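For reference, the structure is listed below as structure tokens.
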Amino acid sequence: MISDSTHIAIVGIGCRFPLVKTPQEFWQLLHDGIDGVTQVPKDRWDIDAFYEPKPATPGKMNTRCAGLLEQIDGFEPNFFSVSPREAKQMDPQQRLILEVAWEALESAGIAPERLAGSQTGVFVGVTNYEYYMLVSRDIPGLDAYSGTGTSPSIIPGRLSYVLNLRGPSLAVDTACSSSLVALHYACQSLKTGESDLCLVGGVNLILSPEFTIICSQAQMMAADGRCKTFDQAADGYVRGEGCGVVVLKRLVDAIRDGDNIRAIIRGSAVNQDGLSNGLTAPNGPSQQAVIRQALANAGVKPAQISYVETHGTGTPLGDPI
């Protein structure tokens, strides 16, 4: 049963998250219970100018914290055949996905140049366009690279271009579920034969204060910088950034090629909440339905599940649902 043609293998992993740069470091951080949330530094924005503890104060945020990478402005453009002029206009999320995808391929033991011309798909979850907001403020500084440098569609497109990949190349934006939905459609692409290999991931960088202010106005931000998910004290979430990429193959192909199989995806499913008690509020029955569908697609009974990872909103509205 393990060689079922509908199963998908994860054969490579790359990541950059707060305090960690490799999957091994990330596992150790989780194992040791280390908190990667810090106060927003001045190279992002002047937190003192925007902070106000009173919730929903116009133009202010009620938190001083976020989960941030230590360094986001370093990039070697020549390595990826990008001119320095073009690199200056590139969203750091484009740069980050290039680096982490390369590391994921190294993790899989796949030489990137060998993928040229192949049916390799790229599926990237991305919801953030803060670099566009920053670039567009400087109208005299806009040039021919400003469009391709800041368009979300170019985040996967740049990777497909640099590696000369011929499979589908999609930016997926479904808010909090973006990278998981990207994973689902990458699996579908492999199952239908549209792709023979897939690079799948998500990327998010926090570059300006606007969205944190918006979330504070909606009273979504945890004032103390701690997401107390499923706790009576839950009062909001904490914004975080990073990038993760996995390399996917059909399981039968991974076994044939002698790949180091990290995990097996037996099934997945996607739906929408539909009408609930608010545009951003989840819907319990809809979420139960998608779990049942994923189990059915995987051929797995609920009693066989021994570990469940959930998306907790850290809010009194979302968590009970």
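The values are calculated or read from the model by the stated rules, or taken from the named source; none is laboratory data. All values derive from a computational prediction rather than experimental measurement. Glycine gets a Cβ as well: all are built from the backbone with ideal geometry, and neighbour counts include every protein chain shown.
I'm told Pro168 meets every condition in (1) more than 29 Å from Arg239 (Cα to Cα); (2) touching a Leu at 6+ places or on another chain (Cβ under 8 Å) except one. Can you identify the failing condition by its number?
The number of the failed condition is (2).
Each row is one residue, and each column tells you yes or no for (1) under 23 Å from Cys243 (Cα atoms); (2) outside the structural domain of Ser208 (by TED's automatic domain parsing); (3) surrounded by 19 or more Cβ atoms within 10 Å (Cβ to Cβ).
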{"site": "Ala66", "(1), (2), (3)": "yes, no, yes"}
{"site": "Pro77", "(1), (2), (3)": "yes, no, no"}
{"site": "Glu106", "(1), (2), (3)": "yes, no, no"}
{"site": "Ala111", "(1), (2), (3)": "yes, no, no"}
{"site": "Thr120", "(1), (2), (3)": "yes, no, yes"}
{"site": "Ser136", "(1), (2), (3)": "no, no, no"}
{"site": "Ala144", "(1), (2), (3)": "no, no, no"}
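Report, by residue number, each residue of segment 223-282 that is assigned to a strand (DSSP E or B) and at pLDDT below 95.
Scanning segment 223-282 gives a single hit, Tyr237.
Quick grid of which residues meet (1) buried (at least 17 other Cβ atoms within 10 Å of the Cβ); (2) of a type in the set (Val, Ile, Thr); (3) touching a strand residue (DSSP E or B) at 6+ places or on another chain (Cβ under 8 Å):
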site	(1), (2), (3)
Phe26	yes, no, yes
Asp46	no, no, no
Ala49	no, no, no
Val82	yes, yes, no
Gln94	yes, no, no
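Looking only at segment 229-286, how many residues end up being more than 30 Å from Ser107 (Cβ to Cβ) and among the aromatic types (Phe, Trp, Tyr)?
1
Is it the case that some residue within segment 208-216 is out of contact with any Phe, Trp or Tyr (no Cβ under 9 Å at 6 or more places or on another chain), on the phi > 0 side of the Ramachandran plot and either surrounded by fewer than 20 Cβ atoms within 10 Å (Cβ to Cβ) or free of Cβ contacts under 8 Å to residues at least 12 places away in the same chain (or both)?
No.
Restricting attention to segment 63-100, report how many residues are aliphatic (A, V, I, L, M), assigned to a helix (DSSP H, G or I) and under 30 Å from Arg226 (Cα atoms).
So the count comes out to 3.
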